[in-house]
Amino acid sequence: MSGLQIDKLSMRFDLPNGSSVQALKDVSLDLKAGELLSVLGPSGCGKTTLLNIVAGFLAPTDGKIILNGHTVTGPDAERGMVFQQGALFEWMSVRENVGFGPSMKGMPKAEKAKIVDHLLDVVGLQDFKEKAVYELSGGMQQRVALARCLANEPDVILMDEPLGALDALTREKMQGLVLKLWKETGKTIILITHSVEEALLLGERLLVMAPRPGRIHTEYRLPFAEMGVGQDLRDVKKHPKFAEVREEILGMIWDMEEEIMGRTEDA
Amino acid sequence: MELLGNLWGELWAVLVTLFAAAPYVIGYILIILLMMVIWSGVKRLLTPKSDYGSLKTVTFGDESAVTSNTAASIISIVLIFVFWGTFTGSQLLPSFMHAPGPFTGESSFEYTITTPAGDSDTATVSVVVHPTGEEVDAPVVEEGDGIAKNDAIAIPVYRNELLRVDRNDEMGRDEETFITAVDGQAITPGGSVDVDFGRVAMSDKGTLNIVPSTGIQMEPIWLPAPEAVWSRLGEIATVGYRNSTLAEHLGYSLFRVIVGFILGALVGIPLGYAMGLSNWFRGWFDPIVEFMRPVPPLALIPLVIIWAGIGEVGKIILLFLAALWIMAIAARSGVSGVRISKVHAAYSLGASKWQIMRHVIIPNSLPEIFTGARVAMGVCWGTVVAAELVAAEKGAGMMIMVASKFQSTDIVLMGIILIGIIGFSIDMLMRQAEKWLVPWKGKG
């Protein structure tokens, strides 16, 4: 059985003061291989917790994650991760960063060099191969992070607000790159974002999560990711349906935020 | 209460000293400002610039607009040597730049005695002020006429001497005949009169105290001239001091520092890693490290001497302890400072625990460890000098301590300068090594 099954996932943290926080409650999801899922929600809805559990950094209090038929128990090279920023190894060159995964597997040098060269071509950083990562701009660093993740040939790529720290123009370019990579590699991708637009553009499926307890609120199936592969992302955004769904989701999130505010005011 | 009173007295003495020094400090600040005004004038004439920095209109409060001015550094250093030369009468400076020196050579003054009968007579005292260390006899003078007879005295420079001028006179104290004037000016016991070469004072018993002028130069025993220090450096470098050449003294000190530091790092870094990676080890060693860290290594000297004697072992143990805690804490914070996203990324890329250690945790901690190493080397260098001051047979600290006991201030000064230069060089080397070995420092 291929694909990623999230089965009745619950997560409860016990706080030192005796109370506990229900970060996730009964989250279930079935993701087919090659699907692109974006996750959206107000802060505190547990989306990063969900991603950390899928990555294997956290063990859920209840439920399980099944990838390609086996249960996830810890981090593994089959699930690659792209972080917002600061996860590159600044003591390594761009080339060494991209080749990190293959190196850990003990891949022969020539084979590794081929993979690294190919990926640097894909993300357009061939000229920066020997540069230190801290000499690169934020957008370039995220391209290195994408290439590093792809070099390892993971089945699932988990992205935790990978474009969150970039400026608007770079962000748009990178969104195009993510779509291109998704189409070319056919990887299953879960992307967490704060930006409604980004979630619409980069989500074949879109999950809106609600907080307290963290749960799935609404799920969408959207055509925009497919459209974005073929055409300019700015044209996709002009699509009438795009604006409609965006307003709908924004309203949903506003309602959730207001509910949270109201609840804290009552307390 | 008595303690508080005593402490208040001490504080008062300190404040008085500071207050006495204030005019000099203010003078120095005025010199700095004067030089700044002169230099900015010179600079305006030399290079009318329009680089980015000089086009800024807001510079006061802009941290990036403040850089170290090379001209100021050079002037400041040159000025130190000029002051040094001025107040020591250095041969390196033209004599017009010297501060007034002490009086040397021959001079004389007259004194007048008055008998109970009211008669008075005047005689001359010849004074020779000669450099310290030379044997000079008082000049031979004729006694002359009258009841007062001429006298002569030789005084080493910077000293003063009592002279019973009336001893050879026909009538003296026993006859109730007293000195009443010096160079024609009346003098009484406790008073004094200025003369050509300095001052003549009278003690309470009526004896003249001859005080040749000392000028405002420093006595070599307090501050030798730069060239004296330089020539002493040459002498000690070739002949040696206390059975060891300069290279041996400095070499021993450096040897102790390097061995002590390396041993401290070899134990401290793994200890720090263990504390950074394991709850149990952190819990075990935290109390020990946190207790030992604030104990200055110098406070351990007596204990180390009691336990290990004054040989090399004792000193190296001391430096080992000085470096150990610093390196342990640096390694611990280097490990704790790793961003969790880097570790997560490495795990997601398939790295094993050992690979994470080797490729993520160690390189990530190196900048902190280098900072710790720089601090530790500085502390070790300071500690070794201090330890040698207490007890050693060879070493830079021992050299200046022994020299100070023999009042060889030139050696003390030379030693201090060399210790400073070496300490500075060590820091510079460490910084350079840091630049080469951990270029990613501060770039994460």
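The values are calculated or read from the model by the stated rules, or taken from the named source; none is laboratory data. The model shown is predicted, which means the values in this text are computed figures rather than measured ones. We place every Cβ from the backbone using ideal geometry, glycine too, and count neighbours over all the protein chains shown.
Tally the residues that are free of Cβ contacts under 8 Å to residues at least 40 places away in the same chain and either small (Gly, Ala, Ser) or within 23 Å of B:Asn364 (Cα to Cα) (or both), restricting the search to region B:271-306. Qualifying residue count, region B:271-306: 8.
Taking the conditions exactly as written (at negative phi, within 11 Å of chain B (Cβ to nearest Cβ) and of a type in the set (Val, Ile, Thr)), does A:Val98 satisfy them or not? So that I can check it myself, show each step before the final result.
Working: at negative phi: yes; within 11 Å of chain B (Cβ to nearest Cβ): yes; of a type in the set (Val, Ile, Thr): yes.
Yes, satisfied.
Consider A:Val39 carefully, then state whether it is buried (at least 23 other Cβ atoms within 10 Å of the Cβ), touching a helix residue (DSSP H, G or I) at 6+ places or on another chain (Cβ under 6 Å), outside any loop (DSSP other than H, G, I, E, B) and touching a residue at least 12 places away in the same chain (Cβ under 8 Å). Judged against the criteria, A:Val39 is a match.
Any residue at all in region B:370-382 that is buried (at least 21 other Cβ atoms within 10 Å of the Cβ), within 17 Å of the chain's Cα centre (by Cα) and at pLDDT 90 or above? Yes: one or more hits.
Rundown of residues vs (1) touching a strand residue (DSSP E or B) at 6+ places or on another chain (Cβ under 9 Å); (2) in a helix (DSSP H, G or I); (3) more than 25 Å from A:Glu259 (Cβ to Cβ), yes/no style:
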{"residue": "A:Phe13", "(1), (2), (3)": "yes, no, no"}
{"residue": "A:Pro16", "(1), (2), (3)": "no, no, yes"}
{"residue": "A:Lys25", "(1), (2), (3)": "yes, no, no"}
{"residue": "A:Asp30", "(1), (2), (3)": "yes, no, yes"}
{"residue": "A:Thr48", "(1), (2), (3)": "yes, yes, no"}
{"residue": "A:Asn97", "(1), (2), (3)": "no, yes, yes"}
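In the set B:Phe261, B:Phe255, B:Phe291, only one residue is assigned to a helix (DSSP H, G or I) and more than 21 Å from B:Ile426 (Cβ to Cβ); that residue is B:Phe291. Just one of the listed residues (A:Ala33, A:Ala59) is modelled with pLDDT of 90 or more and assigned by TED's automatic domain parsing to the domain that holds A:Ile189, and it is A:Ala59.
Summed over region A:175-192, residues that are in contact with a Gly (Cβ under 7 Å, 6 or more places away or on another chain) and among the hydroxyl-bearing types (Ser, Thr, Tyr) total 1. Check A:Ala110 against each of (1) modelled with pLDDT under 90; (2) farther than 23 Å from B:Ile340 by Cβ and name the one condition it does not meet. Checking A:Ala110 against (1) modelled with pLDDT under 90; (2) farther than 23 Å from B:Ile340 by Cβ, the one that fails is (1).
In region A:121-132, the residues that are within 14 Å of chain B (Cβ to nearest Cβ) form Cβ pairs under 9 Å with partners that are hydrophobic (A, V, I, L, M, F, W, C) and in a helix (DSSP H, G or I), at six or more places apart or across chains, as follows: A:Glu130/A:Val94; A:Lys131/A:Val94; A:Lys131/A:Met140; A:Ala132/A:Val94. No other residue among B:Val14, B:Val37 is of a type outside the set (Phe, Trp, Tyr), in a helix (DSSP H, G or I) and farther than 26 Å from B:Asn69 by Cβ apart from B:Val14.
The criterion of being outside the structural domain of A:Leu177 (by TED's automatic domain parsing) and in a loop (DSSP other than H, G, I, E, B) holds for A:Met107. Scanning region A:8-21 for residues that are in contact with a Ser or Thr (Cβ under 9 Å, 6 or more places away or on another chain) and farther than 15 Å from A:Asn52 by Cα yields A:Lys8, A:Asp14. Specify the residue that is nearest to the chain's Cα centre (by Cα); the eligible residues are those in region A:66-99 that are closer than 26 Å to A:Leu163 by Cα and β-branched (Val, Ile, Thr). If we take residues in region A:66-99 being closer than 26 Å to A:Leu163 by Cα and β-branched (Val, Ile, Thr), then A:Val82 is nearest to the chain's Cα centre (by Cα).
Within region B:432-444, the set of residues being surrounded by 12 or more Cβ atoms within 10 Å (Cβ to Cβ) and of a type in the set (D, E, K, R) comprises B:Glu434, B:Lys441, B:Lys443. Residue count for region B:106-132, restricted to those that are under 15 Å from B:Arg173 (Cβ atoms), in contact with a helix residue (DSSP H, G or I) (Cβ under 8 Å, 6 or more places away or on another chain) and surrounded by 15 or more Cβ atoms within 10 Å (Cβ to Cβ): 3.
Across region B:161-198, what is the number of residues that are within 16 Å of B:Thr104 (Cα to Cα) and either touching a Lys or Arg at 6+ places or on another chain (Cβ under 8 Å) or surrounded by fewer than 17 Cβ atoms within 10 Å (Cβ to Cβ) (or both)? So that I can check it myself, show each step before the final result.
Step one: list which residues in region B:161-198 are within 16 Å of B:Thr104 (Cα to Cα), which gives B:161, B:195-198.
Then drop every residue that is not either touching a Lys or Arg at 6+ places or on another chain (Cβ under 8 Å) or surrounded by fewer than 17 Cβ atoms within 10 Å (Cβ to Cβ) (or both), which leaves B:161, B:196.
Total satisfying the criteria: 2.
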